[in-house]
Structures are given as C-alpha cells and as structure tokens.
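What follows is a set of notes on a single structure, which appears directly below.
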C-alpha cells in the first residue's frame, strides 16, 4: 500500500501479534531507508539496554519499592479507596508521592531501587557462585556414584557369566 510516497506496508493490528515491535521497527526502517546510520545506532543501543541485566534488576527493584502504587492503581476499586480515604483514585495516588522533587519520591523512585539493583548486580553473584560451585560438586559426586554402580553391575554380570560356564 502506497502512503505519502513511500513503500509503507500497513498491517492490521487488531489481532494480537507477538512480533508487533519487530514489524513496527521494520516498517520504520523501510520508510527511512534500511541503511540509515541513526536507526542502526538506535537499534544497537536499544538492544543493549533491553538485554542488560542492570535494567531488569532496576525494574524489579522499582516494583518492589513501589508495589503499593501499582496495586492501588490497578487492583483496588475506586469506591473502596473513597470510603477508606475520602479521595478519588487519582487524588489518592497523587497523595502517595505529593511532590516529585520531595526526598521521599526520589528515595522510592530512584535511590532505594538503585541501591537494591547494586545489591542484586554486584553482591548476589558472589552468593550465586558459591551455590553454583556446590551444585557442580554435587553433580560430580552423583556422576561418580552412577559410574561406581555401573561398574558394580558389570562386575556382577561378568561373575554371573563365569559362574554359568563352570
């Protein structure tokens, strides 16, 4: 389908399409040109950020510190909030963090999640390494026991064959 003098292919998105972001990105590339350096560098930067464990840890930490905000926003009925606090949902959510420049807002939105991210990112791998080494050691011991059992069975079979020949 021609649109604004470009080869932009319109796709029906009424049904769920798991590759919608990829399709959208491909459409943007086709409109601007496949060899656009800006798009290439933006794609590389976006892929690095999406696949970075740091950002994943930060999102998890942010969710841990701000669970109440999300819970109240999505799962608590507005009538219950009104009966409990006398505020509408939007007013109640604004009251949780009244000023975006307040210490509490900055702490809950940035500082605490960042500290927890640092804990996840730099401290936990050491603990994980200890458990991983123990797991490898257990696997090796299990393999040794399996080999010993196999050798024992082979010896018993060999002894049975020798006894049958006598």
Note to self: Under 16 Å from a point placed 7 Å out from the Cα of residue 154 along the Cα-to-Cβ direction: which residues of the range 132-146 have their backbone N that close?
What the structure shows: 143-146
Next item on the list: Arrange the following residues from fewest to most other Cβ atoms within 10 Å of their Cβ: 150, 24, 117.
Entry: 150, 24, 117
Item checked: Spin-label pair residue 133/residue 39, simplified geometry with 7 Å Cα→Cβ offset, distance in nm -> 5.0 nm
Next item on the list: Subtract the Cα-Cα distance of residue 55 and residue 161 from 0.36 nm times their separation in residues, and report this length gain in nm to one decimal.
Entry: 31.8 nm
Note to self: Please state the shape class of the range 53-133: rounded when a/c is under 1.5, otherwise prolate if a/b exceeds b/c and oblate if not, all from the C-alpha gyration tensor.
What the structure shows: prolate
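No value in this document is a laboratory result; all are computed from the given coordinates. Bear in mind that the values here come from a model prediction, so they are computed numbers and not experimental data. No Cβ is skipped: glycine too gets one built from the backbone with ideal geometry, and neighbour counts run over all protein chains shown.
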